[in-house]
Amino acid sequence: LVGVDQWTNANPLFTEKLEGVEVVSEADLEKIAAQDPDLIIVGTEMKNIDELSKIAPTVAYTWGKLDYLAQQLAIGKLLNKEKEAQAWVDDFKQRAEAAGKEIKAKVGENVTVSVFETDTKNFYVFGDKWARGTEILYQAMGLHMPDSVKKDALGPGYYTLSQEVLPKYAGDYIVLSRDLDSEKSFMDSEVWKSIPAVKNNHVIEIDTKASSYSDPITLEYLLGIFKKGFLGEE
């Protein structure tokens, strides 16, 4: 790696691996060129792909077009590491599925989970493929989301909520994504305290900065958190 965007650089899980790697912006072509990359990987939403492709071979992926594991395989192929990528995918799927069976055996086959996020101003609830561990919980583990979440968030990927309606979208368990350094006064509100999952201490907190991707490092990290949160396992 010679360059990454600011959001990747802000992820605490990547800090060690990104030591000495430049933070670049898609708009700063000169700085990107100065890194002398052999390959550039971008999102199809970026506006200057043609200019980037003049610097080095450029491959564009569309967010969500491939499922979260197929995306890892695609990158594995691109980097001539398809075997390693496939081995990781097979192993991860098996471990996550096994954890899902353990969770259902412990807390019930029909247990529901909601994945909320707050940036202190707004609240969001997520479908089954919007990072924050949603792919692990709903796809790999086979856990269920409440009907209200299925209705409003499954299609678009996420749904914006007001604090007042949080109970309507709360499952038996809540995975709460937030900036762990930010204020959390909403947790003192009667609305939050009234949610059964909160009363039952069924809230698993995750750091937004460390969970907004679906790469292997993040997925492994979140699988560990979920196993501990649901099963008490390290």
Total residues in segment 196-224, condition open to solvent by 40 Å² or more (accessible area, probe 1.4 Å) and either aromatic (F, W, Y) or assigned to a helix (DSSP H, G or I) (or both): 8
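Starting from residues that are of a type in the set (K, R), under 30 Å from P196 (Cα atoms) and touching a helix residue (DSSP H, G or I) at 6+ places or on another chain (Cβ under 8 Å), keep the ones in segment 64-119 and report whichever is most open to solvent (accessible area, probe 1.4 Å).
Within segment 64-119, the first condition is being of a type in the set (K, R), and the residues that meet it are 65, 77, 81, 83, 93, 95, 101, 104, 106.
When the remaining residues are screened for being under 30 Å from P196 (Cα atoms), the result is 95, 101, 104, 106.
Then drop every residue that is not touching a helix residue (DSSP H, G or I) at 6+ places or on another chain (Cβ under 8 Å), which leaves 95, 106.
Numbers: R95: 72, K106: 124 Å².
Taking the candidates together, the pick is K106.
Among the residues of segment 146-192, what is the count of those that are part of a helix (DSSP H, G or I), open to solvent by 80 Å² or more (accessible area, probe 1.4 Å) and either free of Cβ contacts under 8 Å to residues at least 24 places away in the same chain or under 23 Å from A210 (Cα atoms) (or both)?
Taking segment 146-192 first, the residues part of a helix (DSSP H, G or I) are 147-153, 163-169, 185-188, 190-192.
Next, only the ones that are open to solvent by 80 Å² or more (accessible area, probe 1.4 Å) stay: 147, 150-151, 164, 168, 188, 190.
In the following step, the residues that additionally are either free of Cβ contacts under 8 Å to residues at least 24 places away in the same chain or under 23 Å from A210 (Cα atoms) (or both) were identified as 147, 150-151, 168, 188, 190.
So the answer is 6.
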Output for segment 133-172, where each listed residue is among the small types (G, A, S) and under 20 Å from Y221 (Cβ atoms): G133, A140
So, first residue hydroxyl-bearing (S, T, Y) in segment 16-34, second residue loosely packed, with under 14 Cβ neighbours inside 10 Å and in a helix (DSSP H, G or I), Cβ within less than 9 Å, six or more apart or across chains; the pairs are S25/Q6; S25/K31
Tell me the residue from D28, D50, D36, D91 that is at positive phi and among the acidic types (D, E), please. D36
Check whether at least one residue in segment 1-17 is open to solvent by 80 Å² or more (accessible area, probe 1.4 Å) and over 27 Å from the mean Cα position of the chain (by Cα), and report yes or no. no
When residues of segment 27-63 are filtered for being closer than 17 Å to S214 by Cα and open to solvent by 70 Å² or more (accessible area, probe 1.4 Å), how many remain? 2
Selected residue (criterion: most open to solvent (accessible area, probe 1.4 Å)) from residues of segment 131-145 that are under 11 Å from Y68 (Cα atoms) and among the hydrophobic types (A, V, I, L, M, F, W, C): A140
Segment 193-228: number of residues that are out of contact with any Phe, Trp or Tyr (no Cβ under 8 Å at 6 or more places or on another chain) and free of Cβ contacts under 8 Å to residues at least 40 places away in the same chain: 10
Among the numbered conditions (1) loosely packed, with under 14 Cβ neighbours inside 10 Å; (2) in a loop (DSSP other than H, G, I, E, B); (3) acidic (D, E), tell me where D128 comes up short. (1)
Please give the number of the condition A98 fails out of (1) under 19 Å from the mean Cα position of the chain (by Cα); (2) under 30 Å from K77 (Cα atoms). (1)
So, in segment 5-14, exactly how many residues are under 17 Å from P216 (Cα atoms) and not in a loop (DSSP other than H, G, I, E, B)? 6
Can you tell me which residues in segment 164-195 are farther than 13 Å from V149 by Cα and among the β-branched types (V, I, T)? V175, V191, I195
Please find, among K31, K47, K54, K17, the residue that is of a type outside the set (A, V, I, L, M), more than 27 Å from T218 (Cα to Cα) and part of a loop (DSSP other than H, G, I, E, B). K47
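The values are calculated or read from the model by the stated rules, or taken from the named source; none is laboratory data. Quick caveat: nothing in here was measured; it's all calculated off a predicted structure. Positions of Cβ are generated from backbone atoms using ideal geometry, with glycine treated the same way; all protein chains shown enter the neighbour counts. For the accessible areas, the whole protein counts, side chains as well, though only heavy atoms, and no ligand, DNA or RNA atoms are used. Shrake-Rupley method; radii C 1.70, N 1.55, O 1.52, S 1.80 Å.
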